1. Read phi for every residue in the range 66-81 and hand back ³J(HN,Hα) as whole Hz from Karplus 6.51 cos²θ - 1.76 cosθ + 1.60, θ = phi - 60°, with x for Gly and Pro.
2. Normalised by the number of residues in the chain, what is the relative contact order in percent for Cα pairs under 8 Å and 6+ residues apart?
3. What distance in nm lies between label points placed 7 Å from Cα along the C-beta direction at Ile105 and Leu11?
4. What are the ³J(HN,Hα) couplings of the range 20-34, residue after residue, when phi is run through the Karplus curve with 6.51, -1.76, 1.60 and θ = phi - 60°? Round to Hz, x for glycine and proline.
5. Top to bottom by accessible area (1.4 Å), largest first, where do Val92, Val5 land?
6. What order do you get for 54-60, 16-22 when each peptide is scored by the mean count of other beta carbon atoms within 10 Å, highest first?
7. Set the Förster radius R0 to 25 Å, insert the Cβ-Cβ distance between Ser56 and Ser117 as r into 1/(1 + (r/R0)^6), and round the FRET efficiency to 0.05.
8. Carbon and sulfur atoms: what percent of the 1.4 Å accessible area of the chain do they account for?
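The values are calculated or read from the model by the stated rules, or taken from the named source; none is laboratory data. Small disclaimer: the values here were computed from a predicted structure and weren't measured. So basically every Cβ, Gly included, is an ideal-geometry build from the backbone, and we count neighbours across all protein chains shown. Please note that ligands, DNA and RNA were not included when accessible areas were found on the heavy atoms of the full protein model with its side chains. Shrake-Rupley method; radii C 1.70, N 1.55, O 1.52, S 1.80 Å.
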Amino acid sequence: QVQLVESGGGLVQPGGSLRLPCAAPGFTFSVYGMSWYRQAPGKERELVATITGGNSINYADSVKGRFIISRDNAKKTMYLQMNSLKPEDTAVYYCGALDSSYLPIYWGQGTQVTVSS
């Protein structure tokens, strides 16, 4: 049974930090690439960061130098460490598992991140 569960969202002031975990207990986590996405009100879903099964990483330009994606295969969990948060980072953040063409095939339900003073 495939399960992806994001958590860790909340309200944070500009310049603050949050860490979002994505738990994936329902499948063989280590063989999947994983990505974080976000969707702000009125905007299209945006790819934030990707980490492959071999730990190759890519970031969107908007988060480079501020966010860190990682994974713990033993815990079947992916993380997004979000630093130096800006109001423009406000969005619902989703995790996804990728197929061999780097397309998402499984999704979590999302966690709300609000950056506001």
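1. Once θ is set to phi - 60°, the couplings for the range 66-81 become 10, 9, 10, 9, 8, 8, 10, 5, 5, 8, 6, 9, 10, 10, 10, 8 Hz.
2. Values: 288 pairs, mean separation 42.3, N = 117.
Once normalised by length, the contact order is 36 percent.
3. 4.0 nm
4. 9, x, 10, 8, 9, x, x, 8, 6, 4, 5, 8, 9, x, 9
5. Values: Val92 35, Val5 80 Å².
So, going from the largest accessible area down, we get Val5, Val92.
6. Working: 54-60: 12.4, 16-22: 17.7.
In descending order of packing, they fall as 16-22, 54-60.
7. On the way: r = 36 Å, r/R0 = 1.44.
It comes out at approximately 0.10.
8. Details: 2910 of 6140 Å².
Ligands and nucleic acids excluded, carbon and sulfur give 47 percent.
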